[in-house]
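Undergrad: Dropping the structure in here first, questions after.
The values are calculated or read from the model by the stated rules, or taken from the named source; none is laboratory data. A quick note: this is a predicted structure, and the numbers were derived from the prediction, not measured. Note: ideal-geometry Cβ built from the backbone for every residue, glycine included; neighbour counts use all protein chains shown.
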Amino acid sequence: MTARVGPAIVVRDLTRRFGTFVAVDRVSFEVEQGEIFGYLGANGAGKSTTIRMLIGLLAPTSGQATVAGHDVATAPGRVKESIGYMSQKFSLYLDLPVEENLLFFGAAYGLEGTALRARAAELLERVGLDAQHEATTGDLPGGQRQRLALACALLHRPGLVFLDEPTAGVDPVARRAFWDLIRELARGGTTVFVTTHYLDEAEYCRRIGLMVDGKLVALDTPAGLKRTWVPDRVLVARGRGLAEAGPRLGGAPGVRAVAPFGAGLHLRVDPERFDAARVAAALREAGAEAVEVEEAAPTLEDVFLAVVDRDAGGAP
Amino acid sequence: MTGAALLRSLRRVGAMAGKETIHVRRDPRTLALALVMPVVMLFLFGYGISTDLDHLPLAFADQDRSEASRALARAFEGSREFEVVAHPMTEGVESLFRTGTAVAALVVPRGYQRDLLLGRKAQVQLMLDGADPVVGNQVLAKADAIARAESQRLAGAAFAGLQPPLQVKVWTRYNPEGRSALYMVPGISAFLLAITAVMLTALAIAGEWERGSMEQLFASPVGRLEIVLGKLLPYLALGLLELLLVVAFGALVFDVPIRGSVALVMLFGLVFLAGMLGQGLFISVVARNQLVATQAGALSAMLPSIILSGMIFPIENMPLPLQAISRLIPARYLVHGLRGILLKGNGLGVLWPDLLAMAIFAVGILALATARFKRRVA
Ligand SMILES: Nc1ncnc2c1ncn2[C@@H]1O[C@H](COP(=O)(O)OP(=O)(O)OP(=O)(O)O)[C@@H](O)[C@H]1O
Ligand SMILES: [Mg+2]
């Protein structure tokens with residue numbers, strides 16, 4: 001393995017066109033050794049296309065990328081040996097037993113004999129599938145399959161793994177279990193590049209890149225993103241009659257956004273003009289009763305909405 | 001490539017092949033297609049053939065009208081395999097064949113008894129209705145056996161130690177090549193190998209695209225050529241097994257001779273299979289999904305190997321354009337080659353052009369398919 005010096009990934013102006021369509025547009029970023037880097041974006045934002053360029057599956061139209069110290073354009077073979085990849089489309093062999101999947105991918109990465117068997121057993125235990133090693137892969141529930149796919153990507157002890165929407169279509173409990181594995185991996189020093197749709201998951205990432213229409217529009221820690229993109233105060237109001245009172249408040253100066261949130265309201269307000277008490281008063285004035293207002297921490301969802309709003313024409 | 005790198009590469013090919021073998025072993029449909037279908041096909045083509053082979057209607061044209069000629073007629077009738085249904089003049093035989101009254105005619109020329117008595121070779125003619133190749137072939141075999149027995153009887157009686165006095169001259173009408181079960185076995189081999197190889201590889205490789213695992217493979221250090229080799233090798237082995245099965249089954253059940261070398265049969269099978277695997281690979285690279293790949297695979301494997309290979313329709317009887325097209329069909333060379341090896345005991349000295357033609361096809365299609373496979377980014 002190459003010496004762990006410098007960032008795990010360096011990307012400069014990476015661009016990929018399909019015909020005239022620009023799927024990834026001059027993207028630049030660095031991923032540090034050992035961090036969990038989240039790559040977020042809506043469907044078709046260019047997440048998978050970026051990953052496929054980074055792992056040597058797809059040639060960039062322009063720009064450079066260095067992955068695990070190797071140039072993607074000139075040494076794709078080296079890149080492939082140094083990384084693990086879990087593709088978005090589920091790609092284990094469903095007709096094979098669980099263990100055979102591991103043994104095959106291990107052999108594909110050059111492991112063999114007792115070392116391969118030992119490594120497969122070790123990973124099965126780590127992802128909690130040791131009891132199912134003889135089961136037919138297709139019989140496993142989705143969450144377990146994803147964990148097996150992760151195990152397959154880890155056999156050759158890569159220092160860097162790319163996980164493309166590893167938790168898509170998996171129930172919340174299984175997602176949680178999967179993320180526990182990812183965090184354990186990162187604690188062990190492995191760099192994780194992960195894409196997801198789930199904004200709650202993104203909170204686990206050390207840093208997040210936000211993709212919109214092929215462009216990387218924001219890149220920071222979750223806290224940093226919230227500070228930059230949601231300077232407003234976020235408040236949650238509960239009470240009676242909010243459904244009518246909320247919209248009346250909507251147009252007032254200093255109120256940036258009002259949205260229903262469960263049985264209550266979710267408000268974004270100018271911190272200079274409003275705090276919880278003043279919002280409660282304004283809501284009572286607008287006809288609501290038994291109002292309680294609490295300050296809430298902004299979520300990545302707020303960030304995402306702000307980013308998309310800005311991109312749709314407004315300023316942050 | 002250094003030795004160590006080559007070894008690593010071979011291991012990856014081995015890993016692919018091993019995985020593919022597990023797929024095959026765990027999929028009863030594949031095994032059925034490869035190992036049960038040949039037997040069923042052989043039965044389908046082979047039977048109807050060997051049922052009801054006694055009491056074959058025989059016309060006996062006796063121009064000699066002697067004691068010896070009547071003895072010959074008795075020999076034929078006594079075997080129970082023939083039944084003399086008519087005593088026509090030679091000219092009448094044709095119409096007996098046309099109406100289906102007789103499937104064979106034995107013509108004993110004037111002077112038969114005299115020749116025998118003088119110790120000269122006596123000739124009789126066996127005229128065959130070759131239109132039904134299967135029946136024709138059975139008649140030939142049985143008539144030959146009876147004539148030989150009669151010949152021995154005659155020789156034993158009067159001319160011990162001399163060469164067999166009775167000679168049967170066979171004259172086949174309509175179908176001079178005398179196609180039969182013997183000729184079907186090589187034909188069926190080509191057909192079966194083509195189907196197995198093209199369909200199974202097309203399916204297996206299209207399956208990898210469809211499943212998305214091809215992308216996973218491309219992201220691993222396994223090279224594209226290694227993927228191709230690893231995926232094809234198990235089907236190559238399966239195809240050879242199938243060929244052995246067909247040849248063995250043909251020999252045991254339908255008495256198809258194996259006059260030439262079995263190793264040469266396998267060599268022909270190997271080269272033919274390489275071409276068919278390439279064809280399957282090519283289809284799957286173009287088609288991308290299993291449904292289209294199956295249909296294209298079945299069509300491209302079955303039609304030419306049935307229609308243009310000479311398995312059923314003699315190539316010499318085809319219109320010229322079809323004859324020209326058949327030259328591009330590897331099945332044609334396999335059928336010709338296998339017939340040569342099995343039935344005539346031909347060796348490479350005679351059959352090398354067939355082998356060469358198949359090899360050219362195999363190299364061409366494999367190169368084309370691998371090139372497309374390489375160029376196609378996941
Ligand atoms: N091979 C291709 N040919 C043409 N267009 C492509 C190709 N691959 C991707 N695209 C297009 O590029 C855009 C980005 O695709 P990409 O798969 O990178 O999105 P994504 O962010 O991964 O989306 P998702 O969340 O749906 O996986 C999409 O509009 C897609 O249709
Ligand atoms: Mg994607």
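Undergrad: Residues A:202, A:168: which one is under 11 Å from the mean Cα position of the chain (by Cα) and crowded, with 21+ Cβ neighbours inside 10 Å?
TA: The conditions single out A:202.
Undergrad: Of all residues in the range A:16-32, how many are within 12 Å of ligand 1 (Cβ to nearest atom), free of Cβ contacts under 8 Å to residues at least 60 places away in the same chain and not in a loop (DSSP other than H, G, I, E, B)?
TA: Here the count works out to 4.
Undergrad: While we're here: Looking at B:194, B:204, can you tell me which residue is within 19 Å of residue B:369 (Cβ to Cβ) and more than 14 Å from chain A (Cβ to nearest Cβ)?
TA: B:194
Undergrad: Then there's this: Go through the range A:88-104 residue by residue and tally those that are facing another protein chain (nearest Cβ under 7 Å) and not in a loop (DSSP other than H, G, I, E, B).
TA: 2
Undergrad: Quick check on the range A:47-62. Is at least one of its residues in a strand (DSSP E or B), touching a Ser or Thr at 6+ places or on another chain (Cβ under 9 Å) and within 11 Å of ligand 1 (Cβ to nearest atom)?
TA: At the first step, the residues of the range A:47-62 found to be in a strand (DSSP E or B) are A:62.
Right, trim to touching a Ser or Thr at 6+ places or on another chain (Cβ under 9 Å) and you get A:62.
Next, only the ones that are within 11 Å of ligand 1 (Cβ to nearest atom) stay: none.
No; the residues of the range A:47-62 include none that is in a strand (DSSP E or B), touching a Ser or Thr at 6+ places or on another chain (Cβ under 9 Å) and within 11 Å of ligand 1 (Cβ to nearest atom).
Undergrad: Starting from the range B:1-25, take each residue that is at the interface with another protein chain (Cβ under 8 Å from one of its Cβ atoms) and free of Cβ contacts under 8 Å to residues at least 60 places away in the same chain and list its partners that are among the acidic types (Asp, Glu) and outside any helix (DSSP H, G or I), counting only C-beta distances under 8 angstrom and pairs at least six apart or across chains.
TA: B:11/A:112
Undergrad: Name the residues in the range B:26-41 that are farther than 16 Å from residue B:240 by Cα and either in contact with a Lys or Arg (Cβ under 6 Å, 6 or more places away or on another chain) or without any contact (Cβ under 8 Å) to a residue 24 or more places away in the chain (or both), would you?
TA: Within the range B:26-41, B:26, B:27, B:28, B:29, B:40 meet the criteria.
Undergrad: Still on this structure, I have one more. Taking the range A:162-185 as the search range and keeping residues that are within 16 Å of ligand 2 (Cβ to nearest atom) and outside any loop (DSSP other than H, G, I, E, B), which one is farthest from the other protein chains (Cβ to nearest Cβ)?
TA: Looking at residues that are within 16 Å of ligand 2 (Cβ to nearest atom) and outside any loop (DSSP other than H, G, I, E, B), I get A:163.
Undergrad: Something else about it: Restricted to the range A:131-141, and to residues that are surrounded by fewer than 20 Cβ atoms within 10 Å (Cβ to Cβ) and touching a residue at least 40 places away in the same chain (Cβ under 8 Å), which residue is farthest from the other protein chains (Cβ to nearest Cβ)?
TA: Residue satisfying both the conditions and the ranking: A:140.
Undergrad: Return the total of residues in the range A:150-163 being within 16 Å of ligand 1 (Cβ to nearest atom) and either of a type in the set (Phe, Trp, Tyr) or at pLDDT below 95 (or both). Reasoning before the result, please.
TA: First pass over the range A:150-163, keeping only residues within 16 Å of ligand 1 (Cβ to nearest atom): A:162-163.
Then drop every residue that is not either of a type in the set (Phe, Trp, Tyr) or at pLDDT below 95 (or both), which leaves A:162.
The qualifying residues number 1.
Undergrad: I've got another one for you. Considering only residues that are within 7 Å of chain B (Cβ to nearest Cβ), part of a loop (DSSP other than H, G, I, E, B) and touching a helix residue (DSSP H, G or I) at 6+ places or on another chain (Cβ under 7 Å), look in the range A:105-130 and name the one that is surrounded by the fewest Cβ atoms within 10 Å (Cβ to Cβ).
TA: Going through the qualifying residues, I end up with A:112.
Undergrad: Among the candidates A:46, A:69, which residue alone is within 16 Å of ligand 2 (Cβ to nearest atom) and buried (at least 19 other Cβ atoms within 10 Å of the Cβ)?
TA: Working: A:69 fails: within 16 Å of ligand 2 (Cβ to nearest atom).
Going through A:46, A:69 in turn, the sole match is A:46.
Undergrad: For the range A:64-87, give me the residue count where each residue is part of a loop (DSSP other than H, G, I, E, B) and at the interface with chain B (Cβ under 8 Å from one of its Cβ atoms). Spell out how you get there, then give the answer.
TA: Applying the first criterion (part of a loop (DSSP other than H, G, I, E, B)) to the range A:64-87 yields A:68-69, A:72-75, A:87.
If we keep only those that are at the interface with chain B (Cβ under 8 Å from one of its Cβ atoms) too, we end up with A:87.
The total comes to 1.
Undergrad: Still on this model: Being within 16 Å of ligand 1 (Cβ to nearest atom), modelled with pLDDT of 85 or more and surrounded by fewer than 17 Cβ atoms within 10 Å (Cβ to Cβ): is that true of residue A:220 here?
TA: Working: within 16 Å of ligand 1 (Cβ to nearest atom): no; modelled with pLDDT of 85 or more: yes; surrounded by fewer than 17 Cβ atoms within 10 Å (Cβ to Cβ): yes.
No: the conditions fail for residue A:220.
Undergrad: Test each condition in (1) in contact (Cβ under 8 Å) with a residue 60 or more places away in the chain; (2) crowded, with 20+ Cβ neighbours inside 10 Å for residue A:213 and report the one that comes out false.
TA: Evaluating residue A:213 over (1) in contact (Cβ under 8 Å) with a residue 60 or more places away in the chain; (2) crowded, with 20+ Cβ neighbours inside 10 Å leaves (2) as the failure.
Undergrad: Assess whether residue A:195 counts as being touching a helix residue (DSSP H, G or I) at 6+ places or on another chain (Cβ under 9 Å) and within 16 Å of ligand 1 (Cβ to nearest atom).
TA: Considered against the rule, which asks whether it is touching a helix residue (DSSP H, G or I) at 6+ places or on another chain (Cβ under 9 Å) and within 16 Å of ligand 1 (Cβ to nearest atom), residue A:195 comes out as yes.
Undergrad: Residues to consider are B:228, B:265, B:247, B:222; find the one that is modelled with pLDDT of 85 or more and in contact with a Lys or Arg (Cβ under 7 Å, 6 or more places away or on another chain).
TA: When all the criteria are applied, what remains is B:222.
Undergrad: Taking the conditions exactly as written (under 16 Å from residue A:84 (Cβ atoms), crowded, with 20+ Cβ neighbours inside 10 Å and within 16 Å of ligand 2 (Cβ to nearest atom)), does residue A:191 satisfy them or not?
TA: Numbers: under 16 Å from residue A:84 (Cβ atoms): yes; crowded, with 20+ Cβ neighbours inside 10 Å: yes; within 16 Å of ligand 2 (Cβ to nearest atom): no.
Spelling it out, it is not the case that residue A:191 is under 16 Å from residue A:84 (Cβ atoms), crowded, with 20+ Cβ neighbours inside 10 Å and within 16 Å of ligand 2 (Cβ to nearest atom).
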